[in-house]
Amino acid sequence: MTPVVSIIMGSTSDLPVMEKAAKLLDEMEIPFEMNALSAHRTPERVEEFAKNAKARGIKVIIAAAGMAAHLPGVIASMTPLPVIGVPIDSSLDGMDALLAIVQMPPGIPVATVGINGALNAAILALQMIATGDEQVQQKLIAYKETLKGKIEKANEELSKIQYKYKTN
């Protein structure tokens, strides 16, 4: 199997957040890889990864980082592939990471999801891939239908809860 999505995190301490992305990609049967790379501790490995990702068949990169959160931007500066940044709440409630990832200079975009938003990063990666893959598109449509079903079920359950002044 050749991976088409790469999940990169600054350290394995980000794994509890990034597992949500991995689980969805696995559920959708999308080959992916996971690696820890640090823009500050392993800059040469980050450069090697970013410059070779496209040639290896990667279509989308999901890069997570906390604190200074340079990893997504550094990767984006060295690849033509779309990079989705996931700010990790490791200090300052994740606001430092969010601002570091979202405030990229002109010409180096990083699509950024919410703090600890790994699941949305995976969905966005799938939506990007689905623009050229009808099978992935159908899986996404089915996935979103299940989300609708969860809300309908929640409303059914809420309708059973009784309060003196509740009208529904």
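Values in this text are rule-based calculations from the coordinates and carry no lab data. Only a predicted model underlies this, so the values are computations on that prediction, with no experimental measurement involved. A quick note on method: Cβ atoms are made from the backbone with ideal geometry, for glycine too, and the neighbour counts reach across all protein chains shown.
How high is the relative contact order of the chain, given as a whole-number percent (alpha carbon pairs under 8 Å, six or more residues apart)?
Working: 287 pairs, mean separation 34.6, N = 168.
Computed over the chain, the figure is 21 percent.
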Seminar exercise, completed: The long-range amide H neighbours of A63, using H built 1.01 Å from N in the peptide plane and a cut-off of under 5 Å, are I8, I84, G85, V86
Exercise. On a 0 to 90 degree scale, rounded to 10, what angle separates helix 134-159 from the longest Cα axis of the chain?
Worked result: 40 degrees
For this session: Sticking with the crude label model, points 7 Å out along Cα→Cβ, report the distance from E134 to Y163 in nm, one decimal please.
Result: 4.9 nm
Exercise. In whole Å, how far is the Cα centre of the range 108-168 from that of the range 38-57?
Worked result: 32 Å
Exercise. If one takes the longest principal axis of the Cα atoms in the chain, at what angle in degrees, from 0 to 90 and to the nearest 10, does the Cα axis of helix 15-27 lie?
Worked result: 70 degrees
Exercise. What residues qualify as long-range amide H neighbours of A36, i.e. H under 5 Å apart, gap of 5 or more or another chain, H built at 1.01 Å from N?
Worked result: M9
Exercise. Any idea what angle helix 43-52 forms with the longest principal axis of the chain, computed on alpha-carbon atoms, 0 to 90 degrees, nearest 10?
Worked result: 80 degrees
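Rg to Rh for the range 31-168: what is it, with Cα atoms only and Rh by Kirkwood? Intermediate results must be reported in sequence, preceding the final value.
Working: Rg = 19.2 Å, Rh = 17.0 Å.
For the range 31-168, the value is 1.12.
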Exercise. Who wins for biggest fluctuation among P106, P72, P80 in a Gaussian network model of the chain, springs between alpha carbons below 10 Å?
Worked result: P106
Exercise. Among I151, A64, I141, which residue has its Cα positioned farthest towards the positive end of the charge dipole of the range 56-168, with +1 placed on the Cβ of Lys and Arg, -1 on the Cβ of Asp and Glu, and the dipole taken about the Cα centre?
Worked result: I151
Seminar exercise, completed: Once Lys and Arg are counted +1 and Asp and Glu -1 for all other residues with Cβ under 14 Å from that of L124, the total becomes +3
Problem set entry | Integer Hz, Karplus 6.51/-1.76/1.60 couplings in order for the range 98-109, x for Gly and Pro | 4, 5, 5, 7, 7, 8, 8, x, x, x, 10, x
Seminar exercise, completed: For the range 106-168, listing trypsin sites (Lys or Arg not before Pro) in a DSSP loop whose Cβ sees at most 12 other Cβ atoms within 10 Å gives K160, K164, K166
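Mind ordering 58-68, 10-20, 118-128 by average Cβ neighbours within 10 Å, highest first?
Numbers: 58-68: 23.5, 10-20: 17.5, 118-128: 21.7.
Highest to lowest by the protection proxy: 58-68, 118-128, 10-20.
From the cross-link list K59/K144; K20/K144; K23/K139; K20/K166; K20/K59; K20/K160, which pairs have alpha carbons spaced over 26 Å apart? Don't skip to the answer; put the middle values down first.
Numbers: K59/K144 22 Å; K20/K144 16 Å; K23/K139 14 Å; K20/K166 36 Å; K20/K59 19 Å; K20/K160 31 Å.
Cα-Cα > 26 Å for K20/K166; K20/K160; rest within.
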